[in-house]
Amino acid sequence: MRMFVALVPSQEAVDHLEEFLEPRRSAAAFRWATAEQLHVTLAFLAAVEDRRLDELAERLGRAAARRTAFETRVAGGGAFPNAGRARVVWAGLDLDERARTEMDRMATGARAAASRTGIEVDGKRFRPHLTLARLGRPEEVSSWVRLLDVYAGPAWTVDRLTLIASHLGEGPRGRPRYEVMEEFGLGG
């Protein structure tokens, strides 16, 4: 099963971002993420065997219990690998030093929980972001990055980790369908 461990923004934060993006989406032929797909990936797990799920959930619960809640907001944005040859347009997070430390530790804990369970963790260095759109080929997106630079959504409290299954091709227009498998409250 294809899964990931994520931070899911509050509904208010998602709605605010959607209101900001909706009138602008038609200006670019990107593959825009739906509101249900907005999240911050802490650990991507491309192949999770069913027999490992219970142990993974137990380890993620312990990892979450060692972390504390913090406030953030969706703010700013950018492009991967860069604005000149973008393949992904993303929104950032406004994080003070404590929040950034907690988020980094959550990502480390989620990756360690998967590794100790015998699940391979995919991905590179953790960079907190919400993927807004994917591009079929590299494009110049400086105007989108400038637009996102002025965006700041409402504050929300990060108080849980979420384990999500990704069912490829089962969502609208052939996109993945996400299924929340379990949530783990921070701080026990």
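The values are calculated or read from the model by the stated rules, or taken from the named source; none is laboratory data. Quick caveat: nothing in here was measured; it's all calculated off a predicted structure. A quick note on method: Cβ atoms are made from the backbone with ideal geometry, for glycine too, and the neighbour counts reach across all protein chains shown.
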Scan region 44-56 and tell me whether some residue there is closer than 30 Å to L147 by Cβ and surrounded by 16 or more Cβ atoms within 10 Å (Cβ to Cβ).
yes
Would you mention how many residues in region 123-147 are within 17 Å of the chain's Cα centre (by Cα) and either closer than 18 Å to M103 by Cα or not charged (D, E, K, R) (or both)?
11
Take the conditions touching a helix residue (DSSP H, G or I) at 6+ places or on another chain (Cβ under 6 Å), closer than 22 Å to I164 by Cβ and assigned to a loop (DSSP other than H, G, I, E, B) and apply them to R59. Does it pass?
no
In region 91-132, anything of a type outside the set (A, V, I, L, M, F, W, C), part of a loop (DSSP other than H, G, I, E, B) and under 23 Å from R59 (Cβ atoms) is listed as T117, G118, E120, G123, K124, R125, P128
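Here's the yes/no breakdown for (1) more than 21 Å from V14 (Cα to Cα); (2) touching a helix residue (DSSP H, G or I) at 6+ places or on another chain (Cβ under 6 Å):
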position	(1), (2)
A112	yes, no
V121	yes, yes
A133	no, no
R146	no, no
A152	no, no
L161	no, yes
G169	yes, no
Report the residue count in region 6-36 for those that are under 19 Å from R73 (Cα atoms) and not in a helix (DSSP H, G or I).
7
Listed by first then second residue, the pairs whose first member lies in region 37-55 and is outside any loop (DSSP other than H, G, I, E, B), whose partner is of a type in the set (G, A, S) and surrounded by fewer than 18 Cβ atoms within 10 Å (Cβ to Cβ), with beta carbons under 7 Å and at least 6 positions apart or on separate chains, are F44/G123; R52/G118
Can you spot a residue in region 71-90 that is surrounded by fewer than 19 Cβ atoms within 10 Å (Cβ to Cβ), within 17 Å of F20 (Cβ to Cβ) and in contact with a Ser or Thr (Cβ under 7 Å, 6 or more places away or on another chain)?
no
Just to check your reading of the model, which residue among E179, E170 is within 18 Å of the chain's Cα centre (by Cα) and free of Cβ contacts under 8 Å to residues at least 40 places away in the same chain?
E179
Out of all the residues in region 122-142, is one or more under 22 Å from R67 (Cβ atoms), at pLDDT 95 or above and not hydrophobic (A, V, I, L, M, F, W, C)?
yes
Verdict on L38 being touching a Leu at 6+ places or on another chain (Cβ under 6 Å), among the aliphatic types (A, V, I, L, M) and closer than 23 Å to V121 by Cα
yes
Give me the residue from region 19-43 that is polar (S, T, N, Q) and in contact with a Lys or Arg (Cβ under 9 Å, 6 or more places away or on another chain) and, out of that set, surrounded by the fewest Cβ atoms within 10 Å (Cβ to Cβ).
T34
Say whether the condition of being part of a helix (DSSP H, G or I), within 30 Å of S142 (Cα to Cα) and not aliphatic (A, V, I, L, M) is met by at least one residue in region 74-90.
yes
